[in-house]
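A quick write-up on the structure given underneath.
The values are calculated or read from the model by the stated rules, or taken from the named source; none is laboratory data. Note that the structure is a prediction, hence the values are computed from the model and not measured. Here the Cβ positions follow ideal geometry from the backbone for every residue, glycine too, while neighbour counts run over all protein chains shown. To get the accessible areas, we keep the full protein, side chains included, count just its heavy atoms, and leave off ligands, DNA and RNA. Shrake-Rupley method; radii C 1.70, N 1.55, O 1.52, S 1.80 Å.
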Amino acid sequence: MKEYDKLLETFMNGEREDKTLTCKDCGDAFVYSTKDQEFYEEMQFNPPKRCKKCRLAKKAQRSENESART
């Protein structure tokens, strides 16, 4: 959790440089670019915890679960 806390702190201070993060699901490293950081800040999102592949898989799983409920 230290990596995420440090990232959140630099994010809140407006300091940006490409960061290498570790996905909480698969453990792979992924780049959190300055462009992505600016987007996340603009949208008032917290920094990502999952790589793109795992985010898409999680989103697909949520869609499947919602479809099964209806």
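Counting protein heavy atoms only, the chain has 47 percent of its accessible area on carbon and sulfur, 1.4 angstrom probe.
Projecting the Cα atoms of SER63, PHE39, TYR4 onto the charge dipole of the chain, computed from C-beta unit charges around the Cα centre, puts SER63 farthest toward the positive end. Maximal additional length on extending the VAL31-GLU9 stretch stands at 6.2 nm, based on 0.36 nm per residue less the C-alpha distance.
Once C-alpha pairs closer than 8 Å and six or more residues apart are averaged by separation and normalised to the residue number of the chain, the relative contact order reads 28 percent. Remark on TYR32: its backbone amide H falls under 5 Å from those of LYS19, THR20, LEU21, a criterion applied only to residues 5 or more positions apart or on other chains, H modelled at 1.01 Å from N.
Report summary: the helix-based calculation at 222 nm, which adds -39500 (n - 2.57) for every DSSP H run with n ≥ 4 and divides by the residues of the chain, gives -17000 deg cm²/dmol.
What label, among [x] 44, 26, 20; [y] 40, 24, 16; [z] 51, 20, 19, belongs to Cα extents along the principal axes in Å computed from the structure on display? Among [x] 44, 26, 20; [y] 40, 24, 16; [z] 51, 20, 19, the one derived from this structure is [x].
Counting only Cβ charges, +1 for Lys and Arg and -1 for Asp and Glu, the dipole size of the chain around its Cα centre is about 440 debye.
Against the main long axis of the alpha-carbon atoms of the chain, helix 52-69 sits at an angle near 30°. Rolling a 1.4 Å probe across the protein heavy atoms gives the chain an accessible surface of 81 Å² per residue. Counting only alpha carbon atoms, the long axis of helix 2-12 and the longest principal axis of the chain meet at about 70°.
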